[in-house]
Structure formats: C-alpha cells, structure tokens
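Take a look at the structure below.
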Protein chains: 2
Amino acid sequence: MTYCLAMRLSEGLVFLSDTRTNAGVDNVGTYRKLFVFHPAPDRTIVLQSAGNLATTQEVLDRIRRDLADPGAAESLGTAQHLFEAALYVGRLSVEVTAAHRPALSAVGADGTSTFLLGGQIGDAPPDILLVYPEGNYIRASDDRPFLQIGEAKYGKFLLELATRNELGIDDAAKVALASMVSTAQANLSVGPPYDLGTYRPGEHLVRHARMVPGSDHLERVEAIWARHLHAAVRELPLVERSETSLW
Amino acid sequence: MTYCLAMRLSEGLVFLSDTRTNAGVDNVGTYRKLFVFHPAPDRTIVLQSAGNLATTQEVLDRIRRDLADPGAAESLGTAQHLFEAALYVGRLSVEVTAAHRPALSAVGADGTSTFLLGGQIGDAPPDILLVYPEGNYIRASDDRPFLQIGEAKYGKFLLELATRNELGIDDAAKVALASMVSTAQANLSVGPPYDLGTYRPGEHLVRHARMVPGSDHLERVEAIWARHLHAAVRELPLVERSETSLW
C-alpha cells in the first residue's frame with residue numbers, strides 16, 4: 001500500500017509520501033509517489049499517487065506525453081484552474097483503468113488509483129485536491145486542511161489534533177512526518193524513504209527532501225516520537241477500578 | 001462502529017471498549033460492548049463485541065439462555081477450554097447471522113459480528129481470542145500480545161509501540177486508553193463512555209471502570225495526551241529541504 005498526505009496552510013502547502021509498494025507480501029519495492037510538474041512559469045503542480053502502480057505509471061506517462069505535445073487538447077500546461085487539472089488527471093485515470101479493467105478483473109485485481117493534486121496556477125491561492133478513481137475530486141476542508149490517500153487511518157489522529165491553517169510550514173512538516181512514522185509503525189506496507197515537498201505561494205518551486213531509513217534524521221524522529229508517547233502514557237492518571245465478580 | 005481491544009500480559013488481562021453505536025450518522029446510540037460472565041467458580045469470561053448490534057444482542061441472549069438451562073448441550077459453563085468457549089460463541093454468531101441473512105441481504109445490510117473473548121477457565125493461563133464472523137478464532141501473538149476489533153487502525157500505532165508482555169496491568173490500561181482516545185479523535189463513530197476491565201490470574205473477578213465524557217479523569221487523559229503529542233512534534237528536528245523548481 002501507500003500513505004500520502006497533503007496540507008494546505010496559510011503559509012503554503014506541505015506534501016509527504018512514503019515509497020513502499022507491494023504486490024503481495026513477497027514482492028515489496030520502492031517507488032516514488034510524489035512528482036513535481038512545472039510546465040510553465042505561472043504554475044507548479046505536485047501529484048501524489050496511491051493504488052495500482054501500473055495505472056499510476058501510465059497516467060504519469062500520459063501526463064508527460066501531453067505536456068510534450070504542443071497540439072494536445074488538454075494538459076497540465078493548459079489547465080486554467082487547479083480543479084481543471086484535477087479533472088484532467090481524473091479523466092486519464094478513468095481511461096487507463098477502463099482500458100485494463102477486463103484483464104485485471106479476470107484475475108480479481110483492482111486497477112484503480114487515487115491522486116492528491118496540489119500547487120498553484122497563476123495568482124489563484126495554492127490549493128490541494130483529492131482525485132477519486134471515478135475521476136471526480138474534493139478539496140480539503142477549512143477546519144481540517146489536510147487530505148490523505150492510501151493507508152490513511154493509522155496516522156489520522158495526529159493530523160486531526162495538530163493540523164491548523166495557522167501552523168507554519170516547518171512545524172506542519174513535522175506533524176506530517178510524525179503521522180507518517182506512526183503509520184509505518186502500525187502497517188508494514190508503508191515505509192521509508194519518505195519524500196517531503198513544501199511550497200510557498202508565488203514561489204513556483206518545491207523545496208524537497210528525501211528521508212532515508214537508518215539516517216540520523218529519521219532515527220532521531222522515531223526516537224523522539226517514541227520517547228514522548230511513552231512519557232505521555234506514564235503521565236496518564238491511573239484508572240481506579242471497582243471489584244466485582246459480575247458486571 | 002466500535003473500537004474494542006484486549007491485551008494479554010504476564011500480570012493478567014486488560015479489556016477496553018467504547019460504547020458508541022451508529023446505524024447511519026443520524027442514529028447514534030450508546031450501548032455496552034463489554035460483558036463479564038462468571039458462570040462457575042472456576043471461570044471468568046469477558047466478551048467484547050463489534051459489528052451488527054442486533055446480532056450481538058441475540059448472541060448474548062442465547063449465551064444467557066444456555067447458561068440458565070441446566071440441560072444445555074453447550075454453554076460458557078460447560079466449555080473446558082477458552083478455545084471451546086470461542087468456538088461456541090462463534091457457532092452462535094454464525095447461526096444468528098445465517099438466520100437473518102436473507103432479510104438483511106435484501107436491504108444491503110451486513111449482519112455479521114466479531115468478538116473478543118478472554119478470561120480464564122480452571123488452572124489454564126488466562127488468554128484472549130478473537131472470534132471471526134465465520135466462527136473460527138485466533139489468539140494474540142506472543143510478540144504483540146493484543147487483539148483489536150472494530151475501528152482497529154487508528155489506535156494501532158501505540159499498541160505496536162508500547163504493548164509488551166512485561167507491561168504492568170495499570171500501565172497497560174493507560175496504553176489502551178491512549179489508543180482509544182487517539183481513535184475517538186480520528187473517527188466520530190468511536191466515542192465515550194469507555195468500559196475498562198482488568199483481570200489477574202486466579203482472581204476470578206474483573207476489576208472495572210467506566211470513563212464518561214466530560215469527567216475530570218477523561219479530560220485529564222485527553223489533555224495530557226494532546227500536550228505530549230504537541231511537545232513531540234515541537235521537538236522533532238527540522239527537515240532541511242533543497243530548492244529546485246523541478247524534482
């Protein structure tokens with residue numbers, strides 16, 4: 001599986017993706033799931049993917065082919081709004097999935113993919129959108145300005161607790177990383193390296209980092225996270241219990 | 001939905017259940033999901049339930065009817081081992097589900113339930129088992145001595161991190177509670193009151209507590225938990241990023 005998340009804050013956008021893929025437990029690989037497109041000076045678009053790896057790769061190949069084709073009717077370079085870019089990616093995703101559905105259904109496989117699309121086009125504010133396998137999309141909510149795809153449940157508690165519009169990008173990146181580490185702790189199908197990208201309005205560049213397993217940085221993160229969780233548990237008040245044989 | 005968990009430690013057993021039920025978002029109720037049976041001096045059996053509420057209640061009614069019937073071929077009072085009690089509960093669950101399947105399938109509803117069964121019979125060591133809707137069961141693993149039913153993903157990271165055989169019962173109850181609070185934070189279908197039960201080998205009584213929403217205790221738990229998570233995030237090292245427009 002996969003875990004990708006994106007945040008939309010007043011300071012800008014934060015993207016974090018793991019890189020683990022698996023087709024069954026005996027075929028585990030490492031693939032990037034965070035991609036940056038800068039097809040024109042007025043736009044920066046980040047795409048994150050979860051789901052069928054073949055579908056994801058073909059969608060990305062079609063996106064790049066359309067970008068390279070000056071005659072393409074539609075591309076990430078022609079969209080005038082982020083929601084148009086989301087609908088475009090959704091349409092490609094639906095097409096690719098439909099093309100392979102008969103063969104995949106025959107072996108019981110699901111060929112769908114889900115995407116997070118974020119960034120900025122022109123002077124419109126930066127935004128993040130989730131593109132469903134059916135090709136439609138949603139935005140993040142104003143109260144909980146984050147979106148997740150893949151194994152979203154394991155790390156959701158921390159995003160709910162700590163993600164607010166006014167959070168700075170550096171702190172938001174830490175929240176995202178803690179959510180990722182919690183997920184990887186609970187689910188073997190999510191794992192490092194982790195790809196982080198951040199975007200500030202008007203900059204049209206994505207600052208990025210890859211955190212690799214065993215690195216000093218990631219080991220510090222995991223150690224600090226575990227230490228605080230243990231400290232929190234220790235400080236919790238004792239639960240007084242009554243004694244009865246029946247209840 | 002529901003979140004129930006059970007732990008098997010060298011000191012004894014810990015059980016924790018939420019009480020929220022929902023049939024759609026407009027029909028939310030509070031029902032106990034943790035039940036203690038003490039049908040004979042040599043046995044204490046705790047049952048936790050997740051899934052269809054009607055199935056759960058009918059299974060519990062049948063368990064009680066069998067206990068009250070001296071001629072019953074099988075009951076929680078006749079099982080010689082915990083695994084026999086688990087198979088008995090599994091058989092009742094399969095029977096009840098099968099009886100209502102035609103009517104429920106017709107309206108697209110799922111009538112299955114999943115149970116955690118724990119406790120002690122005779123001199124055998126205390127144990128916990130998970131009873132699947134199909135009537136079979138599994139035990140907890142020695143390395144990760146806990147079981148979960150219902151919305152298990154949200155609070156799993158902390159159990160993975162902190163649940164060890166050698167954890168004392170009081171500390172394990174805190175770990176369980178932190179896992180529950182994290183789950184309720186991320187999922188509206190899980191909520192207080194929370195029912196806690198603990199069991200020490202040979203005691204044949206379950207010490208129990210109910211934690212109600214808005215109580216000083218639960219508010220302290222939620223505040224301490226949130227404070228440590230925020231502190232952990234603050235202490236995490238900054239992620240240094242490179243600057244490029246493309247990546």
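Please specify each residue of the stretch A:116-134 satisfying the condition of being free of Cβ contacts under 8 Å to residues at least 40 places away in the same chain and over 25 Å from A:Asp18 (Cα atoms).
First pass over the stretch A:116-134, keeping only residues free of Cβ contacts under 8 Å to residues at least 40 places away in the same chain: A:123, A:130.
Residue satisfying the conditions is A:Asp123 alone.
Based on what the data block shows, is A:Ser113 without any contact (Cβ under 8 Å) to a residue 60 or more places away in the chain and small (Gly, Ala, Ser)?
Values: without any contact (Cβ under 8 Å) to a residue 60 or more places away in the chain: no; small (Gly, Ala, Ser): yes.
Judged against the criteria, A:Ser113 is not a match.
Hey, can you tell me all the residues within the stretch B:1-36 that are among the aromatic types (Phe, Trp, Tyr) and touching a residue at least 40 places away in the same chain (Cβ under 8 Å)?
B:Tyr3, B:Phe15
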- Item | Filter pass, B:Gly197 being within 30 Å of B:Pro126 (Cβ to Cβ) and modelled with pLDDT of 95 or more | yes
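Can you pull out every residue in the stretch A:142-154 that is without any contact (Cβ under 8 Å) to a residue 40 or more places away in the chain, within 14 Å of chain B (Cβ to nearest Cβ) and either touching a strand residue (DSSP E or B) at 6+ places or on another chain (Cβ under 9 Å) or more than 19 Å from A:Asp18 (Cα to Cα) (or both)? Explain how you work it out, then say what you get.
Restricting attention to the stretch A:142-154, the residues satisfying the condition of being without any contact (Cβ under 8 Å) to a residue 40 or more places away in the chain are A:142-144, A:153.
Checking which are within 14 Å of chain B (Cβ to nearest Cβ) leaves us with A:143-144, A:153.
Scanning the stretch A:142-154 gives A:Asp143, A:Arg144.
Given the structure, is B:Pro133 part of a loop (DSSP other than H, G, I, E, B), closer than 22 Å to B:Arg207 by Cβ and not aliphatic (A, V, I, L, M)? Break it down into steps so the answer makes sense when it comes.
On the way: part of a loop (DSSP other than H, G, I, E, B): yes; closer than 22 Å to B:Arg207 by Cβ: no; not aliphatic (A, V, I, L, M): yes.
Judged against the criteria, B:Pro133 is not a match.
Residues to consider are A:Ala103, A:Ala86; find the one that is of a type in the set (A, V, I, L, M) and under 18 Å from the mean Cα position of the chain (by Cα).
Numbers: A:Ala103 fails: under 18 Å from the mean Cα position of the chain (by Cα).
Selected residue: A:Ala86, the only one of A:Ala103, A:Ala86 that is of a type in the set (A, V, I, L, M) and under 18 Å from the mean Cα position of the chain (by Cα).
Taking the stretch A:19-33 as the region of interest, how many residues are within 16 Å of the chain's Cα centre (by Cα) and either modelled with pLDDT of 95 or more or open to solvent by 50 Å² or more (accessible area, probe 1.4 Å) (or both)?
4
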- Looking at (1) among the hydrophobic types (A, V, I, L, M, F, W, C); (2) in contact (Cβ under 8 Å) with a residue 24 or more places away in the chain; (3) at the interface with chain B (Cβ under 8 Å from one of its Cβ atoms), can you tell me which one A:Ile224 breaks? (2)
- Filter pass, A:Ala50 being surrounded by 20 or more Cβ atoms within 10 Å (Cβ to Cβ), in contact (Cβ under 8 Å) with a residue 12 or more places away in the chain and touching a Cys at 6+ places or on another chain (Cβ under 8 Å): yes
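Yes/no matrix, rows are residues, columns are (1) among the hydroxyl-bearing types (Ser, Thr, Tyr); (2) over 24 Å from A:Leu177 (Cβ atoms); (3) touching a strand residue (DSSP E or B) at 6+ places or on another chain (Cβ under 8 Å):
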{"residue": "A:Leu16", "(1), (2), (3)": "no, no, yes"}
{"residue": "A:Ala54", "(1), (2), (3)": "no, yes, no"}
{"residue": "A:Gly77", "(1), (2), (3)": "no, yes, yes"}
{"residue": "A:Phe83", "(1), (2), (3)": "no, yes, yes"}
- Message: All but one of (1) within 17 Å of the chain's Cα centre (by Cα); (2) closer than 28 Å to A:Ser179 by Cα; (3) of a type in the set (Asp, Glu) hold for B:Asp143; state the number of the condition that does not hold.
- Response: (1)
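Which residues, taken from the stretch B:198-221, are more than 10 Å from every other protein chain (Cβ to nearest Cβ) and not acidic (Asp, Glu)?
Just the residues of the stretch B:198-221 that are more than 10 Å from every other protein chain (Cβ to nearest Cβ), to begin with: B:199-202, B:212-215, B:219.
B:Tyr199, B:Arg200, B:Pro201, B:Gly202, B:Val212, B:Pro213, B:Gly214, B:Ser215 - these are the residues of the stretch B:198-221 that are more than 10 Å from every other protein chain (Cβ to nearest Cβ) and not acidic (Asp, Glu).
Look at B:Ala106 and say whether it is away from chain A (no Cβ under 14 Å), open to solvent by less than 50 Å² (accessible area, probe 1.4 Å), more than 30 Å from A:Tyr3 (Cα to Cα) and of a type in the set (Gly, Ala, Ser). Break it down into steps so the answer makes sense when it comes.
Working: away from chain A (no Cβ under 14 Å): yes; open to solvent by less than 50 Å² (accessible area, probe 1.4 Å): no; more than 30 Å from A:Tyr3 (Cα to Cα): yes; of a type in the set (Gly, Ala, Ser): yes.
For B:Ala106, the condition - away from chain A (no Cβ under 14 Å), open to solvent by less than 50 Å² (accessible area, probe 1.4 Å), more than 30 Å from A:Tyr3 (Cα to Cα) and of a type in the set (Gly, Ala, Ser) - is not met.
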- Message: Out of the strands (runs of 3 or more DSSP E) lying entirely within the stretch B:142-247, which hold 3 or more residues that are surrounded by fewer than 21 Cβ atoms within 10 Å (Cβ to Cβ)?
- Response: B:206-211, B:242-244
- Task: Output the qualifying pairs, or none if there are none: Cβ atoms under 6 angstrom, residues six or more apart or on different chains, first residue in the stretch B:178-191 and farther than 16 Å from A:Val233 by Cβ, second residue open to solvent by 10 Å² or more (accessible area, probe 1.4 Å) and polar (S, T, N, Q).
- Result: B:Ser189/B:Asn22
- Please report, ordered by residue number, the strands (runs of 3 or more DSSP E) entirely within the stretch A:1-86 with at least 1 residues that are polar (S, T, N, Q). A:12-17, A:20-22, A:28-30, A:43-51
- Message: Being open to solvent by 60 Å² or more (accessible area, probe 1.4 Å), at pLDDT 95 or above and of a type outside the set (S, T, N, Q) is the requirement here; does B:Arg65 meet it?
- Response: yes
- Query: For the stretch B:183-192, what are the residues that are within 7 Å of chain A (Cβ to nearest Cβ) and within 16 Å of B:Gly214 (Cα to Cα)?
  - Reply: B:Gln185
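The values are calculated or read from the model by the stated rules, or taken from the named source; none is laboratory data. Here the structure is a predicted model, which is why all the values come from computation and not from measurement. Glycine gets a Cβ as well: all are built from the backbone with ideal geometry, and neighbour counts include every protein chain shown. Ligands, DNA and RNA are stripped out before the accessible areas are found, and what is left, the full protein with its side chains, is counted by its heavy atoms. Shrake-Rupley method; radii C 1.70, N 1.55, O 1.52, S 1.80 Å.
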